[in-house]
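The values are calculated or read from the model by the stated rules, or taken from the named source; none is laboratory data. Fair warning: this is a prediction, and the values are worked out from it, not measured in the lab. We place every Cβ from the backbone using ideal geometry, glycine too, and count neighbours over all the protein chains shown. Heads up: the accessible areas ignore ligands, DNA and RNA and are worked out on the full protein's heavy atoms, side chains in. Shrake-Rupley method; radii C 1.70, N 1.55, O 1.52, S 1.80 Å.
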Amino acid sequence: MSRRRTSLIVIALMLAPTLSLLAVFNYYPALLGLSRAFTRWETGEDPQWIGIGNFVAMWHDEFLRLSLRNLLILLVASVLKTLTMPLLVAELLMSLRSPRWQYILRTAFILPMVVPGMVTMLLWSFIYDGSVGLLNQALELFGLGALARSWLGESATALWAIIGIGFPWAGGLALLIYLAGLNQISSDVWDSCQVDGVTGLRRVWYVDLPLLLPQVRLLVILTLIGTLQDFGSILILTGGGPGLATHVPALHMYFQAFRFGHLGYAAAIGLTLFVAIFVLSVLNLLWGRRLEKPL
Amino acid sequence: MPQPNTQIFLATVSGNYREGFQRLAREYQRTHPGVTVKVQVMPLNGYETWLRTQIPGAGDKAPDLFNANFAWGMYEKGLLVNLAPFLNQTNPYTGKPWIHPPNRQFIEKFKTAGGVSFIPVDFVEIAFYYNASLFRRLGLSPPRTWEEMLALAQSIRNAGYLPFAVPGNADSYWSGTVGWIVRFFTDAYTRHWVPLAMSRPGDWDYDPTRNAGFRLNLNDPYNDSLVIINGERLLDAVRKGAIRFDGERFAEAYTHIREFSRFWQRGFHGASSVTAYNLFLTGRAAILLEGSWLIGDLTQDLAELPARARFDWGVFAVPALKASRFRVPPFRGVGGPGLVLGVVKKNPQQTARVVDFLMFLTSPQGAQILVDEAVRHRRPLSGPMLIPGVKLPPDLQARYRPFEGRGFEKLSFRGLMDEQQSVWEWTVWAQRYMEGRISLQEFLRRYQRLMLEAVPRVIAMQKLDMNPRTKDTPS
Amino acid sequence: MTPKRRLRPSELLAVLTLTALLVLSLLPFVMMLLLSLKTNADIFTRFWGLPQPARWDFYTQAATALQGYLLNTLIVTVVVVPGVLWLSSLSGYALARLTFRGRDTVFALILALLVVPGILTLIPTYALVQNFGLLNTRWALILPYLAGGQVLGVVLCRTFFASLPDELFEAMRLDGAGDVQIYRHLALPLSLPTLATIAIMSTLGIYNDYIWPLVTISDSSLQTFTVGVTRFAGEFNLDYGPTLAGYVIGSLPLIALFAVGMRAFVQGVTSGALKA
């Protein structure tokens, strides 16, 4: 390496804007988030150290406990959604032999990604609407009018309606990632499958899926992190209701901080969710290591 | 005589009185040479920010008059004129004291920090809108009692229609229809608690002209409207169990509300006020509990419907409950301010000038100009006028009648004193109760507990010492 | 390669399944377009029918109601995105091509931020912005977006610059070029595809963010599209048509962005994903 040394002043000037912004708006809040979780900190007041008081309160918080059940259902459902439909569509797209059609259909499937997230949410709240909703209209069209209801308005259906958003969950980032993974599988592999008579679902199960494990691993962790943190859509669609039917811990954190003014308690919920995300990421990493070992 | 080139600056957002304000300004200038009245109608978007920067910052260029309910808190900061000393002055345009009932009661209800920060012109209130065409077809007429209303709802349902369209989302429990229902119910069931919570001689906020000699009279809806409630006494009564939320009165009130909800649309917890309104507008729901401000929109929206979908409509007041184990007075109003004008503090001469204009504006002939111009330009009013002697078009007058004369709620409970955590927790359990997921007993048990838990939070938040003799409101 | 021939049954099945899924996926958006041209009465009486007459004026109404919000989002984006690109490429270059003590530590520290979730920093950042007196100003959006947006940007740029062959840089150096010239005339032009990906991702992030503007901006004249669109419906006397027209209008900027940068984005996402 015969690199000329650049003067430290130039380097400092190049990095200074980035590092100062990060220090103020990223590192400092992150550290604050860790420390303030151990304080009683109400809006407009100075924080007071209370040790693990907030975490004890969380343990006794009935609303938080009830919201955990919803979160678990949402986590399982979101992982299942990511693992099935986009993979199915990716495989079907790969089975088409016309590259032009493949391209056109792929573009069509990722088109909904282009619509702003909030517009999609508001559109789905219109779909589930009890009086003029698209879903009820469609049911009536097929003579199933008796099933029509306010989908987000009843405890029995609200959580499932939240899960149903984006049905048939076929496009988006997951599809792109699966396609990228499938494109990497060399055509020799599939050709030899063809020769050995390993086709269709058998090939998908025994050949494609093992080769796609890095993508699956990535999607699973992205989905879990996204679902743990997301509460904007629930806030817009149901506000966590009716009752507690769609309440989740992240939304509980938001309410504690921005409606009730309990910033310290909210920070403790935030920290707990961060720890959960961290543990899941580490587990995911270990899973990755184990997968790589035999290779 | 006013000095030459003096200006009164009215900056308003009330689109419905736009032309009225302009004409009022012209008339006033005609009879007051040398005074200019500048009227600026602002877009809703940004009005509040504009007020919050102009009123403290623009000195003499700030508006003199503005819609006070768009920027609460100005009075407490000392930016507005306390209008209390002017209320008993003679209004030169009527020859009588300026403000008298019912306007007076309305003002007292919204007194802030012991002073009067605005003068109301009209107010908003709720009542039941009904599809009169449907009522005629089914041979029904507006009910006179709560029980009649439920029987009527049953016959509407039997005829295959939805009796009531009600929004039931969390917004509605907090500041919408379900919140109103709970408020007028709990007001009626808790009137006897007013003496418990009102301020007494020696309390920092005691006012003998208002509290001394108060006798509970359930037959008079205005009976307690001037009474001052002491927050610490109220909290103490909750803390000590003198005020309870799991007693028989609340059990009965919530049983009535639940029974009422059997006639609402299915899944009302998912409905916003928009959804409920559409159910009514499309003729699917027969009755809608809404505010007086809806009259304009409803008239316009019905006119836009195809002829066969249009219908006649009427309004009836919330009818009184008869079947009760307790003496439950007729339900009172839960309304609030419509057009209310505040006066920005500048100098005594300017205040005198602005108050004179305001007296003209709130005189019968002045307010008549506002109404006439609004009607002429087909602009909807937001609710009944608070100025006696103003003539509305006959049909509007009739439609406003059910909104008027019912008094205003005093003590009413959802959460504890609007503390947001208790409001939310109440909403959660109330929604579960209304859905039939928990029993009345469990709901009331949880309600009592969440209110008790809220007491220390409210005390801490408002920095109270729980001694009613000392004033300890923050700032 | 298999020779071209007629569709096999299995392929036909694939095409049919894909079509069915596509119809289901796109139906909400098609209905959005259709219903956006209909009056309430038309929606209530003939939900599935074509609009008669088509109310194109709903689009003017919706545009009028939303233009302020869209403009606010545009202002924030126009300030933040170039800033993110500038900061990312500058720091990415320094961390990839310049040698100095502690370089790897600095990079590791930045990399670590990728695993800090927004849920941990939401409340402290809010308190911070409040202490700076920035609540309800555009700075409340611009500064955190700038800071947060560059994290991924620096990582991507650094990875890209590190992957370039050393010979390119040596050659320029021999010609007597300094770091600034190398950055401007070599690194920057080569990194355009990477920068395009970062630009699209930051724009998407700003455009789709709901919670942050919701809690920091209270004045609706400063509010962004994503929050504004949840509120603007009230201006239409509860009409669905103009509301849905507003959704369509609000989608146009992103559609335009993707029409230009779709290829770069897809490549960026898929290749970036494999490295993760």
Most mobile of C:Gly250, C:Gly153, C:Gly133 in a GNM of chain C (Cα contacts under 10 Å): C:Gly133
Computed, not fitted: 222 nm per-residue ellipticity of chain A from DSSP H runs ≥ 4 (each -39500 (n - 2.57)), nearest 500, equal to -21000 deg cm²/dmol
Solvent-accessible area of B:Lys322, probe 1.4 Å, all protein chains present, reported in Å² to the nearest ten, please. 140
List the pair-distance distribution P(r) of region C:1-71, using every Cα-Cα distance, as the percent of pairs falling in each 10 Å bin from 0 up to the bin containing the longest distance, rounded to whole percents. 16, 27, 23, 16, 12, 5
Semi-axes of region B:379-448 from the Cα gyration tensor (sqrt of 5 times each eigenvalue, largest first, whole Å) come to 39, 14, 11
Counting other chain Cβ atoms within 10 Å of each Cβ in C:173-186 and taking the mean gives 1
Sorting check: for C:94-101, B:134-141, A:175-182, which peptide has the highest mean count of neighbouring beta carbons within 10 Å, and how do the rest follow? A:175-182, C:94-101, B:134-141
Taking every C-alpha to C-alpha distance in region A:207-295 and binning by 5 Å from 0, the per-bin percentages run 3, 13, 18, 17, 15, 11, 9, 7, 5, 2, 0
Rounded to the nearest Å, what's the spacing between the alpha carbon centres of region B:209-281 and region B:296-345? Just the number, please. 18
Post the alpha-carbon centroid distance, region B:368-405 to region A:72-99, in whole angstrom. 61
Calculated diffusion of chain B, Stokes-Einstein form, Kirkwood radius summed over Cα pairs, 4 °C and 1.567 mPa s, µm²/s: 54
When you look at the Cβ of every residue in C:24-35, what mean number of other chain Cβ atoms sits within 10 Å? 5
If you count, for every residue in C:143-151, the Cβ atoms of partner chains within 10 Å of its Cβ, what is the mean? 4
How many angstrom lie between the C-alpha centres of region B:413-458 and region C:181-236? 40
Per residue, the convex hull enclosing the Cα atoms of region A:1-125 spans a volume in Å³ of 322
On average over all directions, what projected area in square nanometres does region C:70-275 have, based on the convex hull of its Cα atoms? 13.8
Distant-in-sequence amide H partners of B:Asn91 (H built 1.01 Å from N, under 5 Å): B:Lys96, B:Trp98
Value of [θ]222 nm, deg cm²/dmol, for chain C, DSSP H segments ≥ 4, -39500 (n - 2.57) each, nearest 500: -24000 deg cm²/dmol
When the convex hull of the Cα atoms of region C:184-263 is projected onto a plane and the area is averaged over all directions, what value comes out in nm²? 7.2
Could you give each residue of region B:344-352 its phi-based ³J(HN,Hα) in whole Hz, using Karplus coefficients 6.51, -1.76, 1.60 with θ = phi - 60°, and x for Gly or Pro? 7, 6, 10, 9, x, 4, 5, 4, 4
In whole Å, what three semi-axes, largest first, describe the equivalent ellipsoid of chain A built from its Cα gyration tensor (square root of 5 times each eigenvalue)? 38, 33, 19
Residue-level accessible surface for C:Tyr207, protein heavy atoms, 1.4 Å, Å²: 10
Value of Rg/Rh across region A:8-56 [Cα atoms, Kirkwood radius]: 1.26
Convex hull volume of the Cα atoms in region B:325-475, per residue, in Å³? 236
Hull surface over four for the Cα convex hull of the protein assembly as shown, reported in nm², is 49.9
